[in-house]
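The values are calculated or read from the model by the stated rules, or taken from the named source; none is laboratory data. A quick note: this is a predicted structure, and the numbers were derived from the prediction, not measured. Note that we place each Cβ from the backbone using ideal geometry, even for glycine, and neighbour counts take in every protein chain shown. Ligands, DNA and RNA are excluded from the accessible area calculation, which covers all protein heavy atoms including side chains. Shrake-Rupley method; radii C 1.70, N 1.55, O 1.52, S 1.80 Å.
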Amino acid sequence: QVSKILELMKARGLKPNLATFNCAINACAKKGDVGAAERLLQEMEQMGLKPDFVTFSSFIDAFTKAARPDMNQILKILELMKARGLKPNLRTFNCAINACAKAGDVAEAERLLQEMERMGLEPNVITFNSLIDACAKAEEPDVNQVSKILELMKARGLKPNLRTFNCAINACAKAGDVAE
């Protein structure tokens, strides 16, 4: 549908701009349609438009919403972004950490958190929710790690929300540790 709208737009003599492509790639991301997002990114670049952090964040989000996130591709996108002189922002890192959560890759989620902090970005509740979710989806959920993340949130003055507690309970249930 997005492609049809872009074609209609062009047929009427309107030239898509960066915002247009960002909206289109974001629409693909919501459906997890990586192929369509890739085609749009290529078309955008062929038109001489340079992707920005919104473009890359949406592109990462498309991979996140795919059936099984391809962490190698997501990490390549982050590196490509940096190579083009764009500093990933909080949303970009949150999208990448969320992909780690979906893949159950706690180690990579923690590595991205550390990289994010080295870049001077402060994690928010969404960041920590994704970390806890990664713990819950790991092959062997670690309830102690969840407790450490909750303590870290508290130390940073962040208040857990309903999703935080749902992810923590899910981790405990998957670990078979309902007493924690």
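Only a single criterion out of (1) part of a loop (DSSP other than H, G, I, E, B); (2) among the small types (Gly, Ala, Ser); (3) open to solvent by less than 20 Å² (accessible area, probe 1.4 Å) is not satisfied by GLY120, namely (3).
For region 140-180, give me the residue count where each residue is under 18 Å from ARG111 (Cα atoms), outside any helix (DSSP H, G or I) and open to solvent by 60 Å² or more (accessible area, probe 1.4 Å). Within region 140-180, residues that are under 18 Å from ARG111 (Cα atoms), outside any helix (DSSP H, G or I) and open to solvent by 60 Å² or more (accessible area, probe 1.4 Å) number 1.
Quick check on GLU117: is it of a type in the set (D, E, K, R), under 26 Å from LYS148 (Cα atoms) and in contact with a Leu (Cβ under 9 Å, 6 or more places away or on another chain)? Don't jump to the end; show me each part of the working.
Details: of a type in the set (D, E, K, R): yes; under 26 Å from LYS148 (Cα atoms): yes; in contact with a Leu (Cβ under 9 Å, 6 or more places away or on another chain): no.
Here the answer is no, as GLU117 does not meet what is asked.
Evaluate the following for ILE126: is it aliphatic (A, V, I, L, M), under 20 Å from LYS159 (Cβ atoms) and open to solvent by 20 Å² or more (accessible area, probe 1.4 Å)? Here the answer is yes, as ILE126 does meet what is asked. Look at region 56-72: where a residue is under 10 Å from ALA103 (Cβ atoms) and at pLDDT 85 or above and a partner is charged (D, E, K, R) and assigned to a helix (DSSP H, G or I), sitting 6+ places away or on another chain with Cβ atoms under 9 Å, you get MET71/GLU108.
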